[in-house]
Amino acid sequence: MTKNVLGGVLQTCCTDPLTGFYRDGKCNTGPDDHGKHTICVLLTQEFLLHQKSVGNDLITPRPEYGFDGLKPGDNWCVCIDRWKQSYDAGIVAHVRLEATHENALETVPLEVLQKSARTN
């Protein structure tokens, strides 16, 4: 059983668009996931633009990879280091704790994730 950061069963992050390193809708990770796509976030325009500015373009469609591009309001499994990079710059994409893989705690303390959690 894969666990989330709260110790419960890892919940689905999003199926439309289909997210996750393994494109299973969950922020699962494994040895081949070098980016650690473990944190489920609600994307905002500010977060997407910041990520693009630091070289992680999540907006532009990449049909050759089956990637339609993301928009504000989408939920997405983001690389934990990339999320932290934006967080450290003062830009917070709200976290869905129940859909964030426990592996994220190796990079970001639970208290920080809880402060950044979605409230609705």
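Rank these for me by crowding, Val41, Val54, going from fewest to most other beta carbons within 10 Å.
So the residues, fewest neighbours to most, are Val54, Val41.
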Neighbour net charge for Lys84 - beta-carbon separation under 14 angstrom, K R +1, D E -1: -1
If amide hydrogens are placed 1.01 Å from N in the peptide plane, which non-local residues have theirs closer than 5 Å to the one on Ala117? Val95
Under a cut-off of 18 Å between alpha-carbon atoms, report the aspartates and glutamates in cross-link reach of Lys71, not counting same-chain residues fewer than 8 places apart. Asp16, Glu46, Asp57
With Gln11 itself left out, Lys, Arg at +1 and Asp, Glu at -1 over residues whose Cβ is under 11 Å from its Cβ give +2
From the phi of every residue in segment 60-65, what ³J(HN,Hα) in whole Hz does the Karplus formula 6.51 cos²θ - 1.76 cosθ + 1.60 yield, where θ is phi - 60° and glycine or proline is x? 6, x, 10, x, 5, 10
In deg cm²/dmol, rounded to the nearest 500, the helical mean residue ellipticity at 222 nm of the chain, built from -39500 (n - 2.57) for every DSSP H run of length 4 or more, is -5500 deg cm²/dmol
Note down the relative contact order for the chain as a percent, whole number, built from C-alpha pairs under 8 angstrom at least six residues apart. 34
Eligible lysines near Lys3 by straight Cα distance, threshold 23 Å, same-chain separation 8 or greater: Lys26, Lys36, Lys84, Lys115
Debye, to nearest 20: dipole size of segment 34-120, +1 on Lys, Arg Cβ, -1 on Asp, Glu Cβ: 120
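Laboratory data are not the source of any read-out in this text; all were calculated from the coordinates shown. Quick caveat: nothing in here was measured; it's all calculated off a predicted structure. All Cβ positions, even for glycine, are placed from backbone atoms using ideal geometry, and neighbour counts span all protein chains on display.
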